[in-house]
1. So, by mean Cβ neighbours within 10 angstrom, what's the order for 15-28, 51-64, 89-102 with the highest one leading?
2. Can you compute the modelled spin-label distance between residue 43 and residue 100, with each label point 7 Å from Cα toward Cβ, in nm?
3. Mean residue ellipticity at 222 nm from the helices of the chain, using -39,500 (n - 2.57) per DSSP H segment of n ≥ 4 over the full residue count, to the nearest 500 deg cm²/dmol?
4. Please work out how much length the chain gains when fully extended from residue 114 to residue 26, using 0.36 nm per residue of separation minus the C-alpha to C-alpha distance, in nm with one decimal.
5. What FRET efficiency do you get for residue 9 and residue 50 if R0 is 30 Å and r is their Cβ-Cβ distance, rounded to the nearest 0.05?
6. Once the Cα atoms of helix 2-13 and of the chain are each reduced to a long axis, what angle between those two axes, in degrees from 0 to 90 to the nearest 10, is obtained?
7. Taking the Cα of residue 17, stepping 7 Å toward and past its beta carbon, and measuring to each backbone N in segment 83-99: which are under 20 Å?
8. On a 0 to 90 degree scale, rounded to 10, what angle separates helix 51-65 from the longest Cα axis of the chain?
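Bear in mind that the values in this text are calculations on the coordinates, not laboratory data. Just so it is clear, the structure is predicted and the values come from calculations on it, not from any experiment. All Cβ positions, glycine included, derive from the backbone under ideal geometry; neighbour counts span all protein chains shown.
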């Protein structure tokens, strides 16, 4: 959680008085799982060579589509457990409705699992 707070703090330091809203999505691994209800851990496996580049692409699309001031999208990879942090999406813009819609859109794009596969471990 400390890393998330540091990222959020740095995000806020880059804000200007043109921002009326900041919306944050902090995704966590939850139980029961989709395939294995009581999994021991999940593996977040990259399906592309550069996941960060894909996330940056989603962030750029969101910034343009929703006319945002700033966007940050961070996703963990590797083995993690239930309740662990998995996704952080932060957006800022002039209005809250635009920011909420953008944050939801970002999460939906990431969850399509086109470049990160979530594999539940027994």
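1. Details: 15-28: 13.5, 51-64: 16.3, 89-102: 19.9.
Ranked by mean Cβ neighbours within 10 Å, highest first: 89-102, 51-64, 15-28.
2. Distance between label points: 3.9 nm.
3. On the way: 3 runs with 43 residues, N = 122.
After summing the helix terms and dividing by residue count, I get -11500 deg cm²/dmol.
4. So the chain would gain 29.7 nm between residue 114 and residue 26.
5. 0.70
6. 20 degrees
7. Once the point is set 7 Å along Cα→Cβ of residue 17, 92-96 turn out to lie under 20 Å by backbone N, inside segment 83-99.
8. Between the helix axis and the principal axis of the chain, the angle is about 40 degrees.
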